[in-house]
């Protein structure tokens, strides 16, 4: 029996189970750091930052941390503040998760919430409502 028997190979359509697990561990460690106020920075303290997702490269050496400041905080300010403390954050994440090497962290603004709100607004517009009603009348 081969070593890889029973393991699902990484598919080209998505991340492997290991990537997902490591990403989730990093996300929890980041959320813990932010919730406890362990990153000493006035900009970070002034913003409520959430970490909706972390994507890890297949070799687990790089992780993209997606962040969203809540309550209309400035996303560029949040990313810049986290970048300033990247070395500290990486060290703290390494202590909290059990990996041979701590991945290099890159911070990005997650605009999915804004995009979702924009799509909802479009769907509620009078033009779309009119088009949907016209389709119902035809059908």
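Laboratory data are not the source of any read-out in this text; all were calculated from the coordinates shown. Everything numeric here is computed off the predicted structure, so don't read it as measured data. When we count neighbours, we look across all protein chains shown, and the Cβ atoms used for this are built from the backbone with ideal geometry, even at glycine.
Going residue by residue through the range 31-47, is there one that turns out to be in contact with a strand residue (DSSP E or B) (Cβ under 9 Å, 6 or more places away or on another chain) and under 18 Å from residue 103 (Cα atoms)? Yes: one or more hits. The single condition from (1) farther than 16 Å from residue 54 by Cα; (2) out of contact with any strand residue (DSSP E or B) (no Cβ under 9 Å at 6 or more places or on another chain) that residue 96 fails is (1). Across the range 61-73, not a single residue is classified as touching a residue at least 24 places away in the same chain (Cβ under 8 Å), closer than 30 Å to residue 13 by Cα, touching a helix residue (DSSP H, G or I) at 6+ places or on another chain (Cβ under 8 Å) and loosely packed, with under 12 Cβ neighbours inside 10 Å.
Residue count for the range 74-84 under the criterion of being surrounded by fewer than 19 Cβ atoms within 10 Å (Cβ to Cβ) and in contact with a helix residue (DSSP H, G or I) (Cβ under 8 Å, 6 or more places away or on another chain): the result is 2. Within the range 92-111, the only residue that satisfies the criterion of being loosely packed, with under 12 Cβ neighbours inside 10 Å and assigned to a helix (DSSP H, G or I) is 95.
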